[in-house]
Every structure is written in structure tokens, then in C-alpha cells.
Amino acid sequence: MEAYKAAHGEAQYLQARSGGQYTRPGGMFYGGAAPTETRQMLEHIVAVSNVAPRDEVIIIDYHTGLGRYGYGELQCEQPSGLDGYDRAVKIFGPSVTSPEVGNSTSVIIPGSVDAFWERTLGDRHTYVALEFGTYPSGTALRDDHRLFMYRPQAAHADLGRRIRRATKQHFYPQFADWTKMVLWRSHQVHRQAIEALTAQQ
């Protein structure tokens, strides 16, 4: 991986590592060959809640692990394009980022959940991923993947418990300051979304 990074640069390395892939089922960030249970559940919720005919829908999708510790970056994704980015900026202000614009800590991710919302609602939706930073990228995710891919029988043994604990701590820091930062930013973003929706009434 270090040789690839040296040959191709940090940006291309991050895209290759995190951008998803559909050719290696045993590899990291494999996109799958059929809809996942999570996607099917999302489609079911949207159908029974009758979301499709709504005039305006704002989606806030929570993530952790990328960016500065405790900071909640509002990221747009590629399926909504620059129009989706502009809609998000109108609601949440200039802190919104996008890999297409070049100001996001995320890379372009094909097959993201925003693609579902774009197909379902088009320009009647505004999608943002609220990504809370934790720690610098380490081996936690790779170790967790290796455990369940190559040694699933060890998941509940000492080794597996250590790896799973390290993964949880990487993506969910067990410190009050991090939790308070998440809560404060969440309240801010939720308020902005509610104000945007009520302004339309």
C-alpha cells in the first residue's frame, strides 16, 4: 500500500482504498452482487411511510471515522451532483463539503445511499452525510475485515474480542468530549433542517 501511495499519490490511494469495488468479494469495501438487507429495509421504510410523493425531504446520514476528531463534516455525495451540493449549502451553509467540489475529506463513492434517494426523489431531496471524525486512519477496519473474512471462528475468542474492541473504540471514541461534540453538532444540523422544512410551509 505504501508503494502504491508513493507511485500514485495520496488522493488516488484514498480513492482506491475507500471508493468501493465490485470485483473482489473478499476484499474491503465490496459493493455486493445484489441489494443488501439494509437497502431492502430502507426501501421498505420509504414505501410504507409514503416518502416518494413528498415535496421536500432532507436526509441526514450519520457516519464516523473520517476527518478531525469530534468535528461533524456535512458531506454531499456524487449521485446528487452539484445541484444537490447547492441545495445542501442553502440549508446548512458553507461548511457543506463535496468530493466533486474538492473540499471534502471523503472520496467519490459509487453506489452510495444517496443514489437511492436521487432515483426516488430527484431534486426534491437534499442528502448529507454527517461524518464525525475520530482518530487518524489506522489498521482497525482492516483488522476487523480480516478477522471476519479469514478467521470468523475467532470472533468470540480473545483475539476477536481485542480486534472488535479496537474497531469500536476507533469509530466510537469512549470520551465525554467526543460525545458532547457529536451532540452539539447534531442539534445544530437538525435545527437547520427543521428550519428549512418549516420555511417551505
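About its Cα centre, the chain has a charge dipole of approximately 840 debye under the convention of +1 per Lys or Arg Cβ and -1 per Asp or Glu Cβ, with nothing else charged.
If the chain linking Leu82 and Phe175 were pulled fully straight, counting 0.36 nm for each residue of separation and taking away their Cα-Cα distance, it would gain 29.9 nm. In plain terms, the chain is cut at each of the GluC sites (Glu not before Pro) found in a DSSP loop with at most 16 other Cβ atoms within 10 Å, and the longest leftover piece is 101-201. By the equivalent-ellipsoid construction on the alpha carbon gyration tensor, the stretch 18-127 comes out with semi-axes of 22, 21, 12 Å, ordered largest to smallest.
Where both residues lie in the chain, what percent of DSSP beta bridges are antiparallel, nearest 5? Among the beta bridges of the chain, antiparallel pairing accounts for roughly 25 percent. For the stretch 1-137, the solvent-accessible area with a 1.4 angstrom probe is 56 square angstrom per residue.
A quarter of the convex hull surface defined by the alpha-carbon atoms of the chain gives 13.1 nm² as the mean projection.
State the Cα centre-to-centre distance between the stretch 53-106 and the stretch 147-197 in whole Å. First find each Cα centre; the distance between them is then 20 Å.
Could you compute the FRET efficiency for Glu10 and Ile108, with r as their C-beta to C-beta distance and R0 at 25 Å, rounded to 0.05? So, using R0 = 25 Å, E works out to roughly 0.95. Note on the chain: with neighbouring protein chains present and a 1.4 Å probe, carbon and sulfur make up 57 percent of its accessible heavy-atom surface. Ordering Met41, Ile194, Gly122 by Cα displacement along the dipole of the chain toward the positive end leaves Met41 in first place; charges were set at the Cβ atoms of Lys, Arg (+1) and Asp, Glu (-1).
For Tyr71 and Gln192, the difference between the fully extended length at 0.36 nm per residue and the C-alpha to C-alpha distance is 41.9 nm. Modelled this way, with points 7 Å down the Cα-to-C-beta line, the labels at Ser49 and Asp143 are 3.6 nm from one another.
The values are calculated or read from the model by the stated rules, or taken from the named source; none is laboratory data. What you see is a predicted model, and the numbers here were worked out from it, not measured in a lab. Reconstructed Cβ throughout: ideal geometry from the backbone, glycine too, with neighbour counts over all protein chains shown. The accessibility values were calculated without ligands, DNA or RNA, using every heavy atom of the protein model including side chains. Shrake-Rupley method; radii C 1.70, N 1.55, O 1.52, S 1.80 Å.
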